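**Q** This is the structure, below, for whatever I ask next.
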Amino acid sequence: MSVAVVLTAAVLLVGCGNGDTDRAGRSSDGKDARTRPGGDATASPAATAATEMSHSEVRAGIAAGMRAGGFSEPRFGASEDDGGFGVCVVSGQTSTETDPSPKDTALLAGELKRQGWVQEFFWTEEGMTTLAMRNGVWKLDIAGGTLPKEEVAERLPEDERAAARDFTGLSVTAVDLACQDRVYKSLSS
């Protein structure tokens, strides 16, 4: 898969996902996320706390990593509790003047490692960067580089294509894989 495709997917996911849950599985509206459609009603609050980070904790960790790399604070999209996969995703992006440097991205990765994230993959070539990390049930993908407006436009709904513009920076997508599995099971039954 090309970095342009990964970067575009990450850019387009911004807005797919706010539905914060705390370590006890409660969403920001106070409801128990484990008893919602797609939630794991058998998980105890203690088990949830031991294995999952909240969306807010993931966002804070990513933001700290961005600061460590000298990047601006990311703009995070809102997680949607629509009964679908949006509730499982934290996505964001930060723009840069030039393609993100491998050195700065390595500093970002170093801060995430300090927080307990494990680096699975780090690739950089000709102004493009891909970083994959994991922490418990969370999978994090960071893609960096420039995506030409023509490629952004191709992936937008037709009525939004005229507003497409080049994007240079980092796109972040973190997925709670346990949540993803629960939603998949609920949609499959």
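**Q** Just to check your reading of the model, which residue among 42, 48 is more than 16 Å from the chain's Cα centre (by Cα), modelled with pLDDT under 95 and not in a loop (DSSP other than H, G, I, E, B)?
**A** Working: 42 fails: not in a loop (DSSP other than H, G, I, E, B).
The match here is 48.
**Q** Please list, ordered by first then second residue, the pairs with beta carbon atoms under 7 Å, 6 or more apart or interchain, first in the stretch 156-171 and under 30 Å from residue 132 (Cα atoms) and among the polar types (S, T, N, Q), second assigned to a strand (DSSP E or B) and open to solvent by less than 90 Å² (accessible area, probe 1.4 Å).
**A** 168/95; 168/146; 171/93; 171/143
The values are calculated or read from the model by the stated rules, or taken from the named source; none is laboratory data. Just so it is clear, the structure is predicted and the values come from calculations on it, not from any experiment. Positions of Cβ are generated from backbone atoms using ideal geometry, with glycine treated the same way; all protein chains shown enter the neighbour counts. Accessible surface is based on the protein model in full, side chains and every heavy atom, while ligands, DNA and RNA are left aside. Shrake-Rupley method; radii C 1.70, N 1.55, O 1.52, S 1.80 Å.
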